[in-house]
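Notes follow once the structure below has been shown.
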Protein chains: 2
Amino acid sequence: MSRVYNFGAGPATMPLEVLEEAQKNLVDFKGHGLSIMEASHRSKMYDEVHNEALFLIKELYKVPQDFDVLFLQGGASTQFAMVPMNLSQGGRVEYADTGSWSSKAIKEAKILNLDVNIVASSKESGYDKIPSTIDFSDDADYAYITSNNTIYGTQYKTFPTTKAPLVIDASSDIFSYPIDWSKADLLFAGAQKNAGPSGVTIVIIKKELQDRVKENIPSMFRYKTHAEKNSLYNTPPTFGIYMLSLIMKWMKREGGIEEIAKINAKKAAILYDTIDNSQGFFVGHAQKDSRSLMNVSFNIKDKDAALESELVELAAKNGMIGLKGHRSIGGLRASIYNAMSIEGVKALADLMQDFAAKKA
Amino acid sequence: MSRVYNFGAGPATMPLEVLEEAQKNLVDFKGHGLSIMEASHRSKMYDEVHNEALFLIKELYKVPQDFDVLFLQGGASTQFAMVPMNLSQGGRVEYADTGSWSSKAIKEAKILNLDVNIVASSKESGYDKIPSTIDFSDDADYAYITSNNTIYGTQYKTFPTTKAPLVIDASSDIFSYPIDWSKADLLFAGAQKNAGPSGVTIVIIKKELQDRVKENIPSMFRYKTHAEKNSLYNTPPTFGIYMLSLIMKWMKREGGIEEIAKINAKKAAILYDTIDNSQGFFVGHAQKDSRSLMNVSFNIKDKDAALESELVELAAKNGMIGLKGHRSIGGLRASIYNAMSIEGVKALADLMQDFAAKKA
């Protein structure tokens, strides 16, 4: 079979040229006589990969000097606990609830017996939007948002301005547009959507926030531990970080995050236009002003599950996979992260238009 | 450069045939049109890999029915915290201190304000042995040992018999010999020495122990969370688990863990004989009855650092890398995990003998 267009929500498609470079070097890394997977994390060979990955993140994402970039493990689910364990100061912590992942983050703060305040929620309307008003208290220990909601296909167009430190779960839109760092204090993401394979977590945290952590927090769960050791306190997921470094280099070749953001906007427009021009055959889940550029979630009119399945199967036969919507809302979802090509998106749009014409 | 013999302590050498199979499938996994790295962790394609890895661990390691095998992240360093967070019942927890990793585990239990009792230690003699007497209390919340001490090259020949649940950090000797499961209750290891790349943690835990965990422990840090979801509660490190599955298949082709244990004993004997027959030129760090079959730590007589460096460099010129001892004890260390061939060990022994003959 030739290469498919993978619209899966994550782990997700990667640039073919990145996979080919990894393949070429997999057994013998650049003539060193061993795989990068076999190299000690204290070796010069790995050190170069590690530091290049960190350097490129700082360069491409324009991370300010007063932030550290960390490579951790355990994904966003682990951050749901680490954020309160590190940032809570015994006061109130505040969350905006915009979907499943926000809800899970809130649950973990409650498990830790914190005083949790949900300042805004779009739950009642099926998480179809980012609430228009989100008022975080100035004196909260932190304010927490999920920048992109993978399941529902909603995304913040701008971050709220807060006095409290703003924590952003950017798992499904990291590196897809430039960040206004004047608003952000801690941004984290699992790598498996826009930055590499699963098993690497990227945390970008303001240095001053690292000192809040209390003495009874285990070493591995303290951001400070990892910042002080350049993310080499323990053995990092070396191969995943290598893949991430290749993705960063690819992003640079593509013209950087500003250029990638423009392409992302074009890709999303192709699919949303297809939905909007389908005379009601396709129905987008998100309200228009909250639409995600990363995950396009939609139904077929009357939520016709049989037709939806038929389209998912037809797409798979045509080499387009991963389009089944999340079980919580059904329908279809096209995840169009950085590495999804405009050709892939056009192929899907064509298929959708043909299908609508036949079935409408 | 042709393939080196990698004696590094971890991440460590892997079987060449495993790397070659991974390379072949890296861009297009078995004709599916995408890499295993790009596959959803909820896809059939990944599910087969995941379940095969779990199945093969249970089969090869003869894991009893009343245990679960879990794939986690964060390495042994995270387990140092998770063990007390899950198993402590407010009583005393007991540790045997046989090296740096035991000490770090003890430190984390103390950070959590537990009543920690160190029942035995070989610290005073430079961690050169496993203490001959280790008496864990029957009523301890758990008893904790490090089965192999990577830095000092010591290893338990048999596990202590305990009434309290026995926790074993087997990071550097998992899958290298058959386990007497009647003695063990929780065994964990980072994959990066004997089981795959870094970024995957294997936890093998008795089911009944999972119910001890208290309500204020975050979901990701509870063994039960992962056991209930077949290690798919969150996105697992899919590529690492794929590599682990290939290592397991390789172990099966080698004749299983019983056969591998025999080869490991032969490999270690070659190096220890070289040390013992060097008329004092080489001095093993570990006392003879505590010698590790995985890590052979030794000095040159009078701890001659210049000669030691010379030998490390000579070895590197001859394609044998990773031999520098840990900074805490200096000298040399040959890590000879499952995937190190007997040919590699013989090549090193020959080099050592030649060097001793020239320099003695």
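Derivation of every value follows stated rules applied to the coordinates shown; laboratory data play no part. All values derive from a computational prediction rather than experimental measurement. All Cβ positions, glycine included, derive from the backbone under ideal geometry; neighbour counts span all protein chains shown.
What the table below lists for this structure:
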read-out	value
Ranked packing of A:67-77, B:201-211, most packed first, by mean Cβ within 10 Å	A:67-77, B:201-211
Dipole axis of region B:101-258 (+1 Lys, Arg; -1 Asp, Glu on Cβ), positive-most option in B:V200, B:T238, B:S172	B:T238
Distances in nm from A:K358 to the matching label points in the other copies, shortest first (labels 7 Å along Cα to Cβ)	7.4
Cross-link pairs beyond the 18 Å C-alpha cut-off, checked among A:K62/A:K163; B:K193/B:K229; A:K301/A:K359; A:K104/B:K229	A:K62/A:K163; B:K193/B:K229
Fraction in percent of alpha-carbon pairs per bin - 20 Å, the protein assembly as shown	17, 49, 28, 5, 0
Residue-averaged [θ]222 nm for chain B, counting only DSSP H segments that reach four residues, each worth -39500 (n - 2.57)	-11500 deg cm²/dmol
Linear extension gain, A:A347 paired with A:E228, 0.36 nm per residue minus alpha-carbon span	38.1 nm
FRET efficiency for A:K104 and B:N318, using Cβ-Cβ distance with R0 set to 45 Å, rounded to 0.05	0.25
Residues in region A:55-95 reached by a label modelled at A:D180 [backbone nitrogen below 17 Å; 7 Å Cα→Cβ]	A:62-64
Theoretical FRET efficiency, 1/(1+(r/R0)^6), r = Cβ-Cβ of A:K288 and A:K24, R0 30 Å, to 0.05	0.10
Rg(Cα)/(2.2 N^0.38 Å) for region B:217-360, N = residue count	1.35
Point-to-point label distance, B:R327-B:E124, nm (Cα→Cβ direction, 7 Å offset)	2.9
Stretchable slack from B:Q89 to B:R253, in nm (0.36 nm times residue separation minus alpha-carbon distance)	54.8 nm
Cα centroid of region B:304-360 to Cα centroid of region A:1-33, whole Å	35
Peptide A:314-321, shielding by other chains (average Cβ, 10 Å cutoff)	1
Burial ordering of B:E108, A:E313, B:E254, fewest other beta-carbon atoms within 10 Å first	A:E313, B:E254, B:E108
Residues A:T158, B:T98, A:T78, sorted so that the one with the fewest Cβ neighbours within 10 Å comes first	A:T158, A:T78, B:T98
Label 7 Å beyond Cα on the Cβ vector: B:K157 copy-to-copy distances, nm	7.4
Ranking of B:M294, A:M85, B:M320 by count of other Cβ atoms within 10 Å, fewest first	B:M320, A:M85, B:M294
Under the span-like rule (Cα at least 24 Å along the axis, Kyte-Doolittle mean at least -1.0), DSSP H helices of chain A	A:256-276, A:342-359
Dipole moment magnitude, nearest 20 debye, region A:256-359 about Cα centre, only Lys, Arg, Asp, Glu C-beta charged	160
Cα-centred dipole magnitude for chain B, charges only on beta-carbon of K, R (+1) and D, E (-1), debye, nearest 20	360
Exercise: per-residue mean of other protein chain Cβ atoms within 10 Å, B:145-158	0
Gap separating the Cα centres of region B:60-110 and region B:175-241, nearest whole Å	10
For A:Q279, inter-copy label distances in nm, listed shortest first [label point 7 Å out on the Cα-Cβ vector]	9.9
Shielding by other protein chains, B:6-15, mean Cβ within 10 Å	5
Simple spin-label estimate for B:N117 and B:K303 in nanometres, 7 Å along Cα-Cβ	3.5
Förster radius 41 Å - calculated FRET efficiency between B:K157 and A:D139, Cβ distance, rounded to 0.05	0.10
Whole-Å semi-axes of chain B's equivalent ellipsoid (Cα gyration tensor)	33, 28, 16
